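Student: Have a look at this one.
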Amino acid sequence: MPVPTGAALRHRVGILVLALLLLGGGATAYTLRAASGRDAATSATAAPGFTLAGGALHARDAATGRVARVDPSAPAGRDAGGPSCDRFHAAGETALCLRRRPGVPARTHVIVLDRELREVRRMSLPGIPSRARVSASGNVLAWTMFTTGDSYARSSFSTRTSILDLRTGYLVKNMEQIPLTLGGRRYHAPDVNYWGVSFAADDNRFYATVSTNGRTHLVEGDLAGWSARALRENVECPSLSPDGTRIAFKKRVSEGPREPWRLYVYDLATGREHPVAERRGIDDQALWTDAETLAYGYGGGVWSVRSDGSGAPRLLAPGASSPTVVRTE
């Protein structure tokens with residue numbers, strides 16, 4: 001076999017060097033990806049000693065993506081030692097964390113945590129995180145994902161809302177399976193979308209938004225009876241008050257894309273509704289921090305306002321979203 005010399009030898013050496021560089025680059029990229037994965041896994045869990053504090057306001061910290069506890073004595077007024085979540089809610093002994101996974105198509109980790117923020121269950125589901133709710137007892141969870149589109153202000157979007165009962169492990173993958181009564185009749189349509197679930201204290205009755213034929217409706221549902229019925233139009237993202245008598249919701253007041261909603265409160269017994277003192281367009285599922293106060297996200301911060309329409313909005317936490325108050329009772 002002839003021994004390569006001159007140009008042929010230099011050519012072979014060049015190929016060998018290039019191959020080694022490519023292999024090294026691949027190994028480096030793999031190492032960086034692995035390190036990134038380890039970092040992501042580390043940031044996904046709560047810091048040692050960080051748990052849910054009864055009565056304290058918790059929210060997603062925009063700077064870190066972690067769940068933070070608002071604490072005026074802490075640096076920057078909060079302790080951002082919680083898990084990384086895009087949407088978060090907690091009640092009873094349970095927390096729900098929705099975390100979008102990188103890549104296409106969009107998928108989200110649905111992570112169930114205990115009061116110590118230790119992982120109990122994890123699922124990977126299609127879609128972009130939108131809403132998260134835990135019943136007062138911590139037994140029943142609901143979440144909404146955008147499956148197409150990423151905003152309720154757009155005309156073309158689709159959602160999938162799921163319910164998980166931790167007592168039985170039963171998962172309703174899509175609430176569209178629940179028989180719907182609209183206008184006194186059983187209703188079927190391919191464009192039905194559910195979102196924004198809020199549970200009553202009995203872990204059975206719930207309220208949610210249903211959208212169909214270009215209109216939104218407040219529905220009352222019965223999990224045990226496997227049914228839902230529409231109560232009234234133009235109600236989105238309902239949030240049931242702690243005493244179960246009122247619903248905070250966002251009402252569409254304009255057809256334009258700029259701030260089309262206002263925050264309202266609806267009395268279930270009388271059927272009356274009124275706007276709160278917040279006059280800006282709120283695209284959030286409001287939280288009842290107590291019997292008379294609402295918290296919500298707007299403009300990159302968490303705000304509060306009285307539910308009776310009096311007073312004025314107050315900034316609770318700048319650079320935050322997904323407010324949660326874990327009640328101590």
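The values are calculated or read from the model by the stated rules, or taken from the named source; none is laboratory data. Quantities reported herein were computed from a predicted structural model and do not represent experimental measurements. Reconstructed Cβ throughout: ideal geometry from the backbone, glycine too, with neighbour counts over all protein chains shown. Heads up: the accessible areas ignore ligands, DNA and RNA and are worked out on the full protein's heavy atoms, side chains in. Shrake-Rupley method; radii C 1.70, N 1.55, O 1.52, S 1.80 Å.
Student: Ignoring ligands and nucleic acids, what accessible area does residue 109 show with a 1.4 Å probe (Å², nearest 10)?
Tutor: Accessible area, nearest 10 Å²: 40 Å².
Student: In Å², and per residue, what accessible area does the range 213-329 have when probed at 1.4 Å with the other protein chains present?
Tutor: Value for the range 213-329: 45 Å² per residue.
Student: Moving on to the next point. If I model a spin label at residue 310 and residue 254 as a point 7 Å from the Cα along the Cα→Cβ vector, what separation in nanometres do I get?
Tutor: Distance between label points: 2.9 nm.
Student: Something else: Mark the label point 7 Å from the Cα of residue 268 along Cα→Cβ and return the residues of the range 202-226 whose backbone N is within less than 17 Å of it.
Tutor: The answer is 202-210, 218-226, whose backbone nitrogens lie closer than 17 Å to the label point.
Student: While we're on this one: With every protein chain left in place, what is the accessible area of residue 134 in Å² (1.4 Å probe, nearest 10)?
Tutor: Here the accessible area works out near 10 Å².
Student: Given the protein chains as shown and a 1.4 Å probe, how many square angstrom of residue 187 are accessible, to the nearest 10?
Tutor: Probe radius 1.4 Å; accessible area of residue 187 about 60 Å².
Student: For the range 188-329, rounded, prolate or oblate, judged on the Cα gyration tensor with a ≥ b ≥ c (square roots of eigenvalues), a/c < 1.5 rounded, else prolate if a/b > b/c? Walk me through the numbers on the way to the answer.
Tutor: Numbers: a/c = 1.71, a/b = 1.25, b/c = 1.37.
Taking the square roots of the gyration eigenvalues as a ≥ b ≥ c, the range 188-329 is oblate.
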